[in-house]
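I have placed the structure first, in the form of structure tokens, so that the comments after it can refer back to it.
Here, each number is a calculation from the coordinates, and none is a lab measurement. This one's a predicted model, so the numbers in the text were calculated from it and none came from an experiment. Reconstructed Cβ throughout: ideal geometry from the backbone, glycine too, with neighbour counts over all protein chains shown.
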Amino acid sequence: MPTKIIRSKADLAINGAPPAFDQPLHVGRPNIGDRETFLQRVNQILDNQWLTNNGPMVQEFEQRVAAHLGAKHCVAMCNGTIALEIAIRALRLQGEVIVPSWTFVATAHALYWQGITPVFADIDPATHNLDPAAVRRMITPRTTGIIGVHLWGRAAPVDELQAIADEHGLRLMFDAAHAFGSTYKGKSIGRFGACEVFSFHATKSFNTFEGGAITTNDDELAETMRLMRNFGFKGYDNVIHPGTNGKMIEVCAAMGLTNLDAFSHIVTANTRNYHAYREALNGIPDISLLSFDPAERNSHHYVVLEVGEGCPVTRDEIVATLHAENVLARKYFWPGSHKMQPYRSLFPHAGLMLYNTQRIAEHVVILPTGTAIESDTIESICSIIHVLVSRPS
Ligand code: T4K
């Protein structure tokens, strides 16, 4: 609940007034489904005495997620980053792989961690997703694959990227960490490329505490990834493949099953919040919410505000003002992966090819959303921004 009404600049905490919120308002408070149902499932796990290693909850979770997304296989994992690493290995990527810089740094790290060079391609400023023409420019004889990211839950240009991959004999996979519940041309994300990788981290609209999954329609690939996530074991004492420990535990699957039951409610709350922000921010010069194709589904997990050059205040002034009010807006994914280590040192000139990425990185703010955010909270956040950009009275 906001603690004050903000009518003038004197009411802003950055100017000495008390903050609008007693408690920090985070961008990604976890969405939690029915607590009783979750606790019943946890009791079941304890009664079963089966806590991990492909237990019954994980198997049920995989079946339900695969059915939900219309994918043939879902291989549940301990988190999205390990899932990316396993997918990258299973596809035998090596040398150079083209990725956006404008994503969470895990996309690039999952490659670099395995001795593969992430080559950053620029984005389309209208969608924040990979620009196919930029991808073409980054292909070299060492390129083996492309990882498209469905940023903010909007599908990457799947068909165009697939055409480039086919033309050059490259593998294509997707980082779908933001895209659970999203569609591309009306079909659920989770069925495209060689495979797609989800994150079910606590802050995602659909969470399993920590967790992730790879979905694919390729039987052989699914089998390889199942081996890889469990040290390469095929039955007792029989290791037939190199592997790691990427297993999802039973409690995480229980959380996932419970949140899957609640998923439509979560999406409804996020969509309502998105429209409330849109309406309340209307009329501010050169401030806009990133818009999405209404014909496609999106869980509106992120509320992405773009602060243009024509806005009377900068993005950083907005962030500082909101933080003073206890609204912990984030600058995801500033400054871009190419400016984070080790990439900044390895590729100091990468920015020359990343004009749109660098520009967007200076202008984006992510605002709080999720089931815990009420409409009066959104009104209060937006009134802070309105007052900040208003001329002195
Ligand atoms: N690819 C992409 C495109 C991704 O976005 C991500 C993860 C991955 C791959 C890798 O998937 P995972 O390996 O994570 O499954 C967060 C998340 O840790 C990360 O999962 C997510 N993307 C990224 C976008 O955001 P931080 O460093 O911003 O997290 P943190 O701790 O600052 O939390 C974010 C907000 O949520 C804060 O305002 C606090 C609040 N919060 C957080 C947690 C953990 C809560 O209210 N409760 C909680 O339990 O990275």
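For the chain, set up a Gaussian network in which alpha carbons nearer than 10 Å are linked by springs, and say which option among His178, His128, His323 fluctuates the most.
Among His178, His128, His323, the largest mean-square fluctuation in the Gaussian network model of the chain belongs to His323.
Once you place label points 7 Å from the Cα toward the Cβ at His386 and Glu309, how far apart are they in nm?
It is 2.9 nm.
Which angle between 0 and 90 degrees, to the nearest 10, do you get for helix 263-280 versus the longest principal axis of the chain when only C-alpha atoms count?
30 degrees
Counting DSSP beta bridges in the chain, what percent are antiparallel, to the nearest 5?
55 percent
For each of Ser380, Ser288, Ser375, Ser345, count neighbouring Cβ atoms within 10 Å of the residue's Cβ, then give the residues from fewest to most.
Ser345, Ser375, Ser288, Ser380
Please give me the summed charge of the neighbours of Thr371: other residues whose Cβ is under 14 Å from its Cβ, Lys and Arg +1, Asp and Glu -1.
With Lys, Arg at +1 and Asp, Glu at -1, the neighbours total +1.
If the only charges are +1 at each Lys and Arg Cβ and -1 at each Asp and Glu Cβ, what is the size of the charge dipole of the chain around the Cα centre, to the nearest 20 debye?
The calculation lands at about 400 debye.
Using the Kirkwood radius over Cα pairs, work out the Stokes-Einstein diffusion coefficient for the stretch 115-184 at 20 °C and 1.002 mPa s, in µm²/s as a whole number.
173 µm²/s
Just to be sure I understand: with springs between alpha-carbon atoms less than 10 Å apart, which residue in Ala254, Ala66, Ala350 has the highest mean-square fluctuation in the Gaussian network model of the chain?
Ala350
Putting +1 on Lys and Arg Cβ atoms and -1 on Asp and Glu Cβ atoms, find which of Ala76, Leu12, Ile86 reaches farthest to the positive end of the dipole of the stretch 1-94.
Leu12
Kindly write out, for the stretch 306-323 in residue order, the coupling ³J(HN,Hα) from the Karplus curve 6.51 cos²θ - 1.76 cosθ + 1.60 (θ = phi - 60°), rounded to whole Hz, with x marking Gly and Pro.
With the stated coefficients, the stretch 306-323 comes to 10, 9, x, 5, x, 7, x, 10, 8, 4, 5, 5, 5, 4, 4, 5, 5, 4 Hz.
For Cα pairs less than 8 Å apart in space and 6+ apart in sequence, what is the mean separation divided by the residue count of the chain, i.e. the relative contact order in percent?
Taking the mean separation of contacting Cα pairs over the length of the chain, I get 23 percent.
Could you tell me whether the chain comes out rounded, prolate or oblate from its Cα gyration tensor? Rule is a ≥ b ≥ c as square roots of the eigenvalues, rounded for a/c under 1.5, then prolate if a/b exceeds b/c, otherwise oblate.
oblate
Step through the residues of the stretch 286-292 one at a time and calculate ³J(HN,Hα) from phi using the Karplus curve (6.51 cos²θ - 1.76 cosθ + 1.60, θ = phi - 60°), rounding each to whole Hz and writing x for Gly and Pro.
Computed from phi, the couplings for the stretch 286-292 are 6, 10, 8, 7, 4, 9, 10 Hz.
Would you mind telling me which residue in Thr81, Thr107, Thr314 has the biggest mean-square fluctuation in a Gaussian network model of the chain, where springs connect alpha carbons within a distance under 10 angstrom?
Thr314
With +1 on each Lys and Arg Cβ and -1 on each Asp and Glu Cβ, and nothing else charged, work out how big the dipole of the stretch 266-393 is about its Cα centre, in Debye to the nearest 20.
In total the dipole reaches around 420 debye.
Using the basic label-point model (7 angstrom from Cα toward the beta carbon), what is the Asp124 to Ala67 distance in nanometres?
For the pair Asp124/Ala67, the computed spacing is 3.5 nm.
Please arrange Met138, Met225, Met248 by counting, for each residue, the other beta carbons lying within 10 Å of its beta carbon, fewest first.
Lowest count first: Met138, Met225, Met248.
Provide, in order from the shortest bin, the percent of all Cα-Cα pairs of the stretch 307-383 in each 10 Å bin, continuing until the bin that contains the maximum pair distance.
16, 39, 29, 13, 3
Dipole of the stretch 236-393 (Lys/Arg Cβ +1, Asp/Glu Cβ -1, origin at the Cα centre): which of Cys382, Ala269, Gln341 lies farthest to the positive side?
Gln341
Taking trypsin sites (Lys or Arg not before Pro) that fall in a DSSP loop and have at most 16 other Cβ atoms within 10 Å as cut points, what is the longest piece of the chain between them?
The reported range is 235-330.
Name the residue farthest towards the positive end of the dipole of the stretch 234-313 from the options Gly283, Ile249, Asn238, assuming +1 on Cβ of Lys and Arg, -1 on Cβ of Asp and Glu, about the Cα centre.
Comparing the listed Cα positions along the dipole, Asn238 ranks first.
Quick one: if you stick a label point 7 Å off each Cα along the C-beta vector at Asp376 and Asp34, how many nm between them?
2.9 nm
Which value, in debye to the nearest 20, describes the size of the charge dipole of the stretch 123-214 about its Cα centre when Lys and Arg Cβ atoms bear +1, Asp and Glu Cβ atoms bear -1, and nothing else is charged?
40 debye
Say a paramagnetic label sat at a point 7 Å from the Cα of Arg142, along Cα to Cβ; which residues of the stretch 337-380 have their backbone N under 12 Å from it?
Once the point is set 7 Å along Cα→Cβ of Arg142, 347 turn out to lie under 12 Å by backbone N, inside the stretch 337-380.
Here are some pairs, Lys187/Lys331; Lys72/Lys187; Lys72/Lys185; which of them have Cα atoms lying more than 24 Å apart in this structure?
Lys187/Lys331
In what sequence do Phe174, Phe263 fall when counting other Cβ within 10 Å, fewest first?
The fewest-first ordering by Cβ neighbours comes to Phe263, Phe174.
Rounded to the nearest 0.05, what FRET efficiency do Asn53 and Thr268 have when you use their Cβ-Cβ distance and R0 = 41 Å?
With R0 = 41 Å, the Cβ-Cβ based efficiency is 0.70.
Quick one: angle between helix 219-229 and the longest Cα principal axis of the chain, in degrees between 0 and 90, rounded to 10, please.
80 degrees
Can you give the angle from 0 to 90° between the axis of helix 375-389 and the longest principal axis of the chain, with both taken from C-alpha atoms, to the nearest 10?
60 degrees
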